[in-house]
1. Carbon and sulfur together cover what percent of the accessible area of the chain at a 1.4 Å probe radius?
2. Could you please report the charge total around residue 275, scoring K, R as +1 and D, E as -1 over all other residues with beta-carbon less than 9 angstrom from its beta-carbon?
3. Whole-Hz ³J(HN,Hα) for each residue in the stretch 293-310, computed from phi via Karplus 6.51 cos²θ - 1.76 cosθ + 1.60 with θ = phi - 60°, x for glycine and proline: what do you get?
4. Using a 1.4 angstrom probe, figure out how much accessible area the chain has per residue, in square angstrom, rounded to the nearest whole.
5. Highest mean first, what order results for 78-86, 269-277, 195-203 on Cβ atoms within 10 Å?
6. Could you tell me the calculated FRET efficiency between residue 210 and residue 135, based on Cβ-Cβ distance and R0 = 30 angstrom, to the nearest 0.05?
7. In whole angstrom, how far apart do the alpha carbon centroids of the stretch 209-241 and the stretch 307-374 sit?
8. Which shape class, rounded, prolate or oblate, goes with the chain when its Cα gyration tensor gives a ≥ b ≥ c as root eigenvalues, a/c under 1.5 marks rounded, and past that a/b bigger than b/c marks prolate?
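The values are calculated or read from the model by the stated rules, or taken from the named source; none is laboratory data. Predicted model only: the values in this text are computed from it and were never measured. Glycine also receives a Cβ, built like all others from the backbone with ideal geometry; neighbour counts cover every protein chain displayed. Areas reflect the complete protein model, heavy atoms only, side chains present, ligands, DNA and RNA absent. Shrake-Rupley method; radii C 1.70, N 1.55, O 1.52, S 1.80 Å.
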Amino acid sequence: NIHIIGRHPMVQPILQELYRAGCRKFGFWGNAGEVDEALSQQLNGFLRITDSLTELPEEADILVACPSQTHIFSEETIRKRIKRRSKAPLLIFDYSNSLDHKRLKKISNCYIYSEQDIEKLIDFNKTERRESARIIDRWIGEEIEAFYEWVNSEDRYCFAGMVGATPEMQRVFEMISRISRTNITVLIDGESGTGKEMVAKAIHAFSNRSEKPFKVINCGAIPENLLESELFGHDRGAFTGAVAQKDGLFKTAANGTVFLDEIAELPQQLQVKLLRFLQEGEIKRVGSTETIKIDVRVLAATNKKLSEMVESGQFRSDLFYRLNVIQLTMPPLRERRKDIPLLIKHFIKKYAAKLQKEISDVSPETLSALENHSWPGNIRELENTIERSVALAFGKVISLYDLPPNLQQAAPNGADSLKTGQRLTLKELEKKYILESLEAFDWDYDQVCKELAIGRTTLWRKLKEYNLEN
């Protein structure tokens, strides 16, 4: 509640500022006919106007004292108002210059400011705002610079450890961002090696459960008679060898996320138990009658067509619909070939650091071979290929000879030896590569060693071995 007593030129901007700050209750006392019409319309419904005032309003939180009718601001009336409001603070702006500030400041919870005090505060705030504006401008400049640096780099295509510039992958990234903070069940499908587990990890990492456990189990990797115990736990004596009570995966992942990989391999009887959990949030340990309530988010993945398995009776339809609330399909690598160069650079950077090698790129014929391969093993196969190539490569660039034999043979317009159908041994390839490097750098041993990322002693040994030292 803001109450203005009398009239002053500063009243209107003060009211407008308070209104913008969220204040909605105003009382205007004295000289009511002089209230600005535009201000009255703006504060319509919030402004109470009275011509006379005989006592300090009890509901007032802020008082603006103008050069008239200030006699009501006696120490006694202020103490009376504070006592009635259970010592609620009272803020007074004094434009009358007639109040005894020293005495009023001694009253507990009474805060009074003169016109000069307010001007000083305004000047101080203006200075602070200018300084803050300079700091904010610098921050904005840094953010814009960082943004454009990011836009012009390959990092813009990286998301939670995944790489993809194609529309298919960008849609996957967008979907992950949109569903992560919900508790909705997600079914991730796609061929083997397309990165389904990485998607599950990303969903968990961006969710409200990110600080809680993330548990993974491959439903096809555990024997059927042990899978139920692994998922839901067991009581002591539930079966031979159950010497103690054990918590299952769902219990240990409480308040976190469970990722069920290869969900299509889940036996029929466990499909019923999983459905019960998804519907009621309850589990029972093997050999127990106790029902346990657990809060766990379920993510599932499969490389099979669950809809076809439902039609053939291999998978429960009710469980399928419970899992398939949100479906994320990972595209195979052959359908996103434009991502292959980005993935190659990503994996070269990863394994060059891991293997401590100065490799940064692939040769044009190597890139052509990699881009034209069908990649039945998808990203996992590509990653393994790059790891192998980085390990075998001599210089800073992966050559065609560093690729697996099947990729060398399938390379279009490859090396001369491959065109003619002749195969070179590894030593012959190494000798050829060293000789080409020596000729390229006019037999400057220091430059060749730097290019091949080997020591001078190693180079001399290779030259002697291949009779090239002369």
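1. 49
2. Taking every other residue near residue 275 into account, the sum is +3.
3. Ordered by residue, 3J(HN,Hα) equals 8, 9, 9, 9, 8, 10, 10, 10, 9, 7, 9, 10, 7, 5, 4, 5, 5, 5 Hz.
4. 56
5. Details: 78-86: 14.8, 269-277: 16.9, 195-203: 21.7.
Taking the mean over residues of other Cβ atoms within 10 Å, the ranking is 195-203, 269-277, 78-86.
6. Working: r = 31 Å, r/R0 = 1.04.
Calculated transfer efficiency: 0.45.
7. The distance from the Cα centre of the stretch 209-241 to that of the stretch 307-374 comes to 28 Å.
8. Oblate, since a/c reaches 1.5 and b/c is not below a/b.
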